[in-house]
Amino acid sequence: MLLLVTLALGMGLAFGISRIFLSCVFHVMTHRTLPFPFYWRRVVFAAALFWLWYLTPGIAEGHAPASVFQLLIP
């Protein structure tokens, strides 16, 4: 029962997000502006912060950075 509820909530959330995204795309296509004020600097900062948080453990555990450093530093 809990799995069914979780699946239904996930599908509802995905449907809602896709509806909002598509309505914004259609609004931009017709009016050339978004229907709400969009602050690019905040979005870029949040995206950079998320990717740093998400990728840092993988980079720290991997061997790729060490091999790149060995190539760059003779």
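The values are calculated or read from the model by the stated rules, or taken from the named source; none is laboratory data. The shown structure was predicted, so the numbers you read here are calculated from the model rather than taken from an experiment. Using ideal geometry, Cβ is built from the backbone for each residue, glycine included, and neighbour counts are taken over all protein chains shown.
For the structure I just gave you, tell me whether LEU22 is of a type outside the set (Lys, Arg) and modelled with pLDDT of 80 or more. It would help to see each step written out before you state the result.
Details: of a type outside the set (Lys, Arg): yes; modelled with pLDDT of 80 or more: yes.
Criteria met by LEU22.
Among the conditions (1) at pLDDT below 85; (2) surrounded by 10 or more Cβ atoms within 10 Å (Cβ to Cβ); (3) not β-branched (Val, Ile, Thr), GLU61 misses just one, which is (2).
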